[in-house]
1. Roughly how many Å is it from the Cα centre of the stretch 118-169 to that of the stretch 231-291, as a whole number?
2. Under 25 Å Cα-Cα from residue 248, which lysines qualify once same-chain neighbours fewer than 8 residues away are excluded?
3. Excluding residues fewer than 8 places away in the same chain, name every one of the lysines whose C-alpha is closer than 22 Å to that of residue 159.
4. Which distance in nm do the two modelled labels at residue 243 and residue 60 give, with both placed 7 Å along the Cα-to-Cβ direction?
5. Quick check on the exposure proxy: order 254, 194 from fewest to most C-beta atoms within 10 angstrom.
6. Please report the net charge: other residues with Cβ closer than 14 Å to the Cβ of residue 152, K and R +1, D and E -1.
Amino acid sequence: MTTRPSHRSQRRAPAGASGGRPSRAGRNVPLAIGVGVSLGALALASLLFRKEAFLGVVIVASCLAVWELRDGLAKGKVNVPLVPSMVGAVTMIAASYVGGGQALTVCFGLTCISVLLWCVSDGAQGSIRDITGGIFVAAYVPLLASFSSLLLLAPDGAKRVIVFIGVTICSDIGGFAVGVIAGKHPMSPSVSPKKSWEGAAGSVVVCVIVGVGTVMVMLGGKWWAGAILGLALAVSATLGDLTESTIKRDLGIKDMGNILPGHGGLMDRMDSLLLAAPVAWAILTIFVPYP
């Protein structure tokens, strides 16, 4: 004789309840907020203490992200060479701060050559695939991250980096808050089912507001420059998130790593910042003059 399950056993715990259950957004929100605030505090403290210290933070974060992306690509049978990828990450980020865009271009070219020679020396089997993967990793992480070094190079570089990071983070915050409350129309169900058009609109509104405020107050720029920055960073941050989600879907993995509780890997937190960095550098360089 079968027994009918009781109403108590049928009752499901509410989202976000104790025990580390994920919320509607798909993650442990209090833990994610705590980790996010800690990372932001670390970046801000390094910028306020001495802006070269922030350079060290970027180098460490980029090397960890390269490691995670390399491990993720290995699941797709793409073997990215570790040594030239790590050396390239350090040299690109450091050289761009010392020598600007010209030094960054040279170091990126040398990194690509190093990846090619390393893969060829390992043998012909799969070398084209591995070379392509190595150049992709070099371009995706350290090359894009180096634009934060170019921002830092300006006389008011620390303030520019704070504006860039602050506005980009607000894209995630605005999109997350509005998406959880009012998200009904998925932006890309096959890639990121929890990202909605309503959340994207929230990202744009919050980024424009924060962009106007920070550019005017911290950099002495025009309000319209802040609005352009906010709009551009909202779009680029969203595309950065979707880009990494596409890569993860293709590789069949949920997160690039598990180093950050409630967030996944460091690469999962840097995806928005990476695509936003060159956009922020270009807009601030063109529309906000140096003091």
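1. 12 Å
2. Partners found: 75, 77, 184, 194, 195.
3. In chain and number order, the partners are 51, 222.
4. 2.5 nm
5. Details: 254 10, 194 18.
By the 10 Å Cβ count, ascending: 254, 194.
6. On the way: positive: 50, 51, 159, 160; negative: 52, 156.
Overall, the nearby charge balance is +2.
Computed from the coordinates by the stated procedures, all read-outs in this text should not be read as laboratory data. Source: prediction; values computed, not measured. Don't worry about glycine lacking a Cβ; one is built from the backbone with ideal geometry, like all the others, and counts go over all protein chains shown.
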